[in-house]
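J.: The structure under discussion is supplied below as structure tokens; questions concerning it will follow.
The values are calculated or read from the model by the stated rules, or taken from the named source; none is laboratory data. On a predicted model such as this, the values are computed, not experimentally measured, just so you know. In this analysis, Cβ positions are derived from the backbone assuming ideal geometry, glycine residues included, and neighbour counts consider all displayed protein chains.
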Amino acid sequence: MIRPRSFLLPLLAAAPLLLAACNQRPPETADSATPPPPPQVPGPDLMALADSNAARLLLAYGRQYPGHEVLLQTRLGNMRIRLYDDTPIHTANFLLLSRKGVFDESVFNRVVQGFAIQGGGSERRTIAMRSYRLPPEIRPQHMHKRGALAMARYDGEVNPGKLSSNNDFYIVQGEKMTPAQAQASAARPLTPEQLKTYATQGGTPGLDGQYTVFGEVVEGLDVIDKIANEPVGMDKWPTEDVGIKVKVLK
């Protein structure tokens, strides 16, 4: 299961990995200098967003300021990511946070080789924002294939509506598997084309239908492997931070 990094419940035996967030690190000593104010970017005030209004405000923002591709930059290389049009809330939210620089203050904070790399959260953020959640936009045509971009969330009784985190995202690495293996691990029926994709490209079909996939890496898939191969500590946090910068391309 994929959860925001603040989630502290124990791992479930049935899950091969959880991008849960018991990976807290002590904050760095604050610099005495006051950080400069963030640039003024059109869109909803991040302190005004809440569970009750996020969908409405983000849909309006997405219509006024659309976007279809972003470039995620790291010290290990760049990934060009295409965002889906049929997940408008998640897409608009990712565009908004990208343009406001929220992801530029984050790192890949949980990395599990053969499964996924998770980032977007930060304990050092200077940009003020509320911890709002997004309604699910789970589409049967979107799968957790290699390179899929999706949002983490809390699980179980604390989140029966499968509301997504606003900033904790993950990118699937996964593994190749036979059609029989893929269908056995999936929580929903997979189409012949999806089974073929899991056999030829790989992924994590056990997450299909459970989390919102709202984009995919279209260039730079090898960067996923490079990040997944980084040495990590007991908390799955890379021992050398892999910082994130996100730029909206179009």
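J.: Quick one: is V172 over 15 Å from the mean Cα position of the chain (by Cα) and β-branched (V, I, T)?
T.: Working: over 15 Å from the mean Cα position of the chain (by Cα): no; β-branched (V, I, T): yes.
Taking the combined requirement at face value, the residue does not satisfy it.
J.: So which pairs qualify, if the first residue must be in the stretch 123-142 and within 18 Å of K100 (Cα to Cα), the second must be among the acidic types (D, E) and in a loop (DSSP other than H, G, I, E, B), the Cβ gap must be under 8 Å, and the two must be at least 6 apart or on different chains?
T.: Within 8 Å, the pairs are R124/E28; Y132/D51; R133/D51.
J.: Go through the stretch 51-103 and report how many residues are of a type outside the set (V, I, T), under 20 Å from R133 (Cα atoms) and out of contact with any Asp or Glu (no Cβ under 6 Å at 6 or more places or on another chain).
T.: Our first condition is that a residue be of a type outside the set (V, I, T); within the stretch 51-103, this holds for 51-69, 71-73, 75-80, 82-86, 88, 90, 92-101, 103.
With the extra rule that they be under 20 Å from R133 (Cα atoms), the set shrinks to 51-63, 83-86, 88, 90, 92-101, 103.
Subset that is out of contact with any Asp or Glu (no Cβ under 6 Å at 6 or more places or on another chain): 51-63, 83-86, 88, 92-101, 103.
Within the stretch 51-103, residues that are of a type outside the set (V, I, T), under 20 Å from R133 (Cα atoms) and out of contact with any Asp or Glu (no Cβ under 6 Å at 6 or more places or on another chain) number 29.
J.: Let me ask something else. Look at the stretch 54-65 and say how many of its residues are exposed (fewer than 15 other Cβ atoms within 10 Å of the Cβ) and either closer than 14 Å to K247 by Cα or touching a residue at least 40 places away in the same chain (Cβ under 8 Å) (or both).
T.: 0
J.: Same structure again: Going through I81, I89, I117 one at a time, which residue ends up being closer than 15 Å to L58 by Cβ, buried (at least 21 other Cβ atoms within 10 Å of the Cβ) and at pLDDT 95 or above?
T.: Numbers: I81 fails: closer than 15 Å to L58 by Cβ; I117 fails: closer than 15 Å to L58 by Cβ.
Only one candidate passes the filter, namely I89.
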